[in-house]
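Down below is the structure, laid out as structure tokens.
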Amino acid sequence: MSDNRGNFSGRIGFILAAAGSAVGLGNIWRFPYLAGQNGGAVFLIVYLICVFLLCYPVMIGEIAIGRAAGLDASGSYSKLGGKRWGYLGMFGIIAGIFILSFYNVVAGWAFGYFLHISFGSLLSDGDFGAFFSTFVNDIFDPTSMQGLAGSNLIFSLLFMVATAVIVAQGIQKGIEAANKIMMPALYVILISIIVYALTLPNAMSGVEFYLVPDMSELKWTTVLDGLKQAFFSLSLGMGALITYGSYLKKHENIPGSAAIISVADTSVAFLAGLMVFPLVHFLQFKLGVDNVATAGPPLIFIVLPQIFSEMGPILGRFVGGSFFLLVCFAALTSTISLLEVPVAYLVDSKKMNRKTVVWGLAALIFVLGLPSMVSQGMIPALNKLTFYRGQDFLSFVADMCDISLTVGGCLMCVFIVKQWRIGNLDAELTSGSPTYSTSFLKKYLHFTIGYVCPILLGVLSIMVILEKFIGLENIL
Ligand code: TRP
């Protein structure tokens, strides 16, 4: 049956697509700013522990569920565990829709930056912080922004259209082909920028901030942010990998593939940090300030253009332009995976036409993203939500999605242990990896999926909820 739905051509295609889903704005935009806000090296350590201890087992579980059932996220849960569990899949699908709604807005920013750096006068502007705030609020006025045609509405619309075009092409022609080109290019440019960044004055203090832990920085929020970020970055907890797993052939090795995907994703996040912190410290040194690292969501949109402008008008345009273009590509391989999840659901469970579903959902999600887009200052009420401790709507949606990812991951483990049974997981993993049944990995997965993941993810998810709505400082 799964052959009628399309398949990945093979292991490499699957790994590239899943790694493409994982590598995105999460790695290049979110990871550096969260690390900056959470003490640098300490955050990196927490993050790595989360990936190894919690994310890798959940990733294997998701892929196995998808491949065992051969259906979309909700269909897979229903098929293996009955209708009630199907709601867990639905919950994930809805979370994915909301992730895409705000993700597409940020991807639009990256696209706008690509245009402004390559063709506009951004690099000679000087005040990159001010530019960013004007930029994100430039939504409906196509004549503004130095005459560059377009505004965020157009940027993010184009982004959604590009996503829909690729997803409409189906698994091999669309999703796989796109990833094969973009992923390697991203590595090359990241490493080139790192090499340049390391030669700048004060770069080494950035490296130190990023790699030498100051344990006094370890706080509960560091742990919670690290966990959320790890789930988000590896595309876990909402069925994206169930969906991709459902297109994976039976003879492919799941634990091995999951290891490669995790390492690929983590290495890009690591490299993004290694790129950003030398730049941050160079900038702090140059401007004589010390608050650049904690700039939050605008971080890469402020420090990177500054550096590209240092490179001079021609090189800066070229390197900066290619960099943001690649960020767009990385984001695109992620938006593709986000859109594929609800598309697969409607195609599999409701037997709807793939193209119709793709365009309908793309339009819906684009509209759902509009409140996030105008929440950066344009509409003050959305900029400072009264029920959400004065934060903006985009952060609110992002936080709610983060919560649903860790909750989703926790419930997935419960599903495997209580409903599907761990023996079935073992059987699915043995297919394609004959040595699994006698391996240490089997014991590790039994222990983590059986105990560590459900318990820790459960407790930490509750803490995240408390943190977001009440504030941990008011509780602990
Ligand atoms: N992992 C992607 C990133 O880091 C975002 C993403 C794509 C995602 N698909 C997902 C996050 C599914 C959670 C679930 O940019």
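The values are calculated or read from the model by the stated rules, or taken from the named source; none is laboratory data. Here the structure is a predicted model, which means the values were calculated and not measured. So basically every Cβ, Gly included, is an ideal-geometry build from the backbone, and we count neighbours across all protein chains shown. The area values use the complete protein model at the heavy-atom level, side chains included, leaving out ligands, DNA and RNA. Shrake-Rupley method; radii C 1.70, N 1.55, O 1.52, S 1.80 Å.
In the chain, carbon and sulfur make up what percent of the accessible area (probe 1.4 Å)?
Roughly 69 percent of what the probe reaches on the chain is carbon or sulfur.
Per residue of the chain, what 222 nm ellipticity follows from adding -39500 (n - 2.57) for every DSSP H run with n ≥ 4, rounded to the nearest 500?
-23000 deg cm²/dmol
Return one whole number: the accessible area per residue of region 88-136 in Å², for a 1.4 Å probe.
I get 27 Å² per residue for region 88-136.
Over region 215-315, calculate the relative contact order: mean separation of alpha carbon pairs under 8 Å at least 6 apart, over the residue count, as a percent.
Relative contact order here is 16 percent.
Could you sort Ile191, Ile28, Ile422 by accessible area so the largest value comes first, with the probe set to 1.4 Å?
Ile191, Ile422, Ile28
Please give the contour-minus-distance gain from Met352 to Val452: 0.36 nm per residue of separation, less the Cα-Cα distance, rounded to one decimal in nm.
Taking 0.36 nm per residue and subtracting the Cα distance, the gain is 32.1 nm.
Could you list, in their original order, any pairs among Lys219/Lys468; Lys250/Lys418; Lys79/Lys351; Lys228/Lys384; Lys384/Lys468 whose Cα atoms are separated by more than 18 Å?
Lys250/Lys418; Lys228/Lys384
With angles folded into 0 to 90 degrees, how steeply does helix 254-287 sit against the dominant principal axis of the chain? Use alpha carbons for both and round to 10.
Around 10 degrees separate the two axes.
Can you sort Glu310, Glu428 by 1.4 Å-probe accessible area, starting with the largest?
Glu310, Glu428
Accessible area per residue, 1.4 Å probe, Å², for region 436-476: what's the number?
On a per-residue basis, 55 Å².
Report the calculated FRET efficiency for Leu368 and Ser9 (r = Cβ-Cβ distance, R0 = 35 Å), to the nearest 0.05.
0.60
Expressed as an acute angle from 0 to 90° and rounded to the nearest 10, what is the orientation of the C-alpha long axis of helix 152-168 relative to the principal long axis of the chain?
It is inclined by approximately 30 degrees.
Once R0 is set to 22 Å, what does the formula 1/(1 + (r/R0)^6) return for the Cβ-Cβ distance between Asn291 and Asn202, expressed as a FRET efficiency to the nearest 0.05?
0.90
So for Met160, Met204, what's the accessible-area order with a 1.4 Å probe, most first?
These residues rank, largest area first, as Met204, Met160.
Please calculate the 1.4 Å probe accessible area of Lys418, with all protein chains present, and give it to the nearest 10 Å².
That residue has around 140 Å² of solvent-accessible surface.
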